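The next block holds one structure in the form of structure tokens; read it before the comments.
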Amino acid sequence: MENKLQARSGASRVLVIFGPPGSGKGTQAKLLRDLLKIPHISTGDMLRAHISQGDGLGVDAGSWMRSGRLVPDATVDRLVEERLALPDCAAGAILDGYPRTVDQARSLWAVLQRSGMSQLVIHLKVDYNKVIVRIAGRRQCPQCGLLYNLVANPPKEAGICDRDGQALAIRDDDRESVVRERLETYERQTRPVLEFLTASGWNICEVEGDDASPSEILVRIQDCMVSQ
Ligand code: AMP
């Protein structure tokens, strides 16, 4: 299975992991990165890195992110285009959290056309009530970015990152009121992206994302990828 998937991704394919906040995009993107040995590009992580550095982009992005709204398209489009142009993406990449608007999807399409990369969208379908419970239990290591869930994937020692011993944190935008705003933003601005991609003929894998463990969901994704 792995070889077959690698052979397919070897033809420089960008995998777009698509779904609402809390659908497990980051978890699946990391599992796929380890399996396929291609970079995991999370626009949320890139933006948070700028916030930590305290640079101009980070200050601007932080104000949008704290309120649960989307950072302007031009900012994220540029980040993704520059990242995909780096040599480690020559064999493909996994996009997590991008595109989130129809204009971002148009921008990505143009980048892929120019670079000759193909695409496959993996749509993680989830129930919003389960998403809210899942996000409430989410913790992240501020040092290495590793994600945990207090119920589904707890750290070995409560509140401490298994990898580097840092105290785990709740992301500012994972608080319930902000999560509701992020889900509304998803409905308003991001769900139409799926309709746009479908109408534009992108390859899409529909995967149930809330009724099984991360490794079982990964198997579903692999099954769909092999058939594409
Ligand atoms: P995430 O870590 O993917 O859940 O993203 C966290 C926040 O970063 C989002 O709620 C947005 O404010 C911002 N963000 C991440 N990716 C994008 C994107 N593609 N377009 C605009 N804003 C984004």
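Quick rundown of the values:
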| quantity | calculated |
| --- | --- |
| Accessible surface, the range 128-228, averaged per residue in Å² (probe 1.4 Å) | 56 Å² |
| DSSP bridge pairs, the chain: antiparallel proportion in percent, nearest 5 | 25 percent |
| Rounded, prolate or oblate (a/c below 1.5 giving rounded, otherwise prolate when a/b exceeds b/c) for the chain by Cα gyration tensor | rounded |
| Amide H within-cut-off set for PHE18, under 5 Å, with H built and near neighbours excluded | ILE122, HIS123, LEU124 |
| Integer Hz, Karplus 6.51/-1.76/1.60 couplings in order for the range 140-151, x for Gly and Pro | 9, 7, x, 7, 9, x, 4, 9, 10, 9, 4, 9 |
| Prolate/oblate/rounded label for the range 138-228 (Cα gyration tensor, a/c 1.5) | oblate |
| Protein accessible area in the range 82-228, 1.4 Å probe - carbon and sulfur % | 51 percent |
| Estimated FRET transfer efficiency when R0 is 35 angstrom, pair SER115-ARG188 (beta carbons, to 0.05) | 0.70 |
| Stretch gain in nm, segment ARG171-ARG69, where the contour uses 0.36 nm per residue and the Cα spacing is subtracted | 35.3 nm |
| GluC sites (Glu not before Pro) restricted to DSSP loop in the range 152-221 with at most 15 other C-beta within 10 Å | GLU157 |
| ILE132 paired with ASP103, simple spin-label distance in nm, labels 7 Å along Cα-to-beta-carbon | 3.1 nm |
| Computed over the range 105-189: relative contact order in percent, which uses C-alpha pairs under 8 Å that are six or more apart | 23 percent |
| Label point distance in nm, SER12-ALA49, each placed 7 Å from Cα along Cα→Cβ | 2.2 nm |
| The range 184-213 versus the range 107-157: alpha-carbon centroid distance in Å | 13 Å |
| Point-to-point label distance, GLU206-LEU86, nm (Cα→Cβ direction, 7 Å offset) | 3.6 nm |
| Rounded FRET efficiency, nearest 0.05, which uses the C-beta distance separating ASP164 from SER215 and R0 of 22 Å | 0.40 |
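The values are calculated or read from the model by the stated rules, or taken from the named source; none is laboratory data. For clarity, every value in this text was computed on a predicted model and none was experimentally measured. When we count neighbours, we look across all protein chains shown, and the Cβ atoms used for this are built from the backbone with ideal geometry, even at glycine. Only protein heavy atoms, including side chains, enter the accessible area calculation; ligands, DNA and RNA are left aside. Shrake-Rupley method; radii C 1.70, N 1.55, O 1.52, S 1.80 Å.
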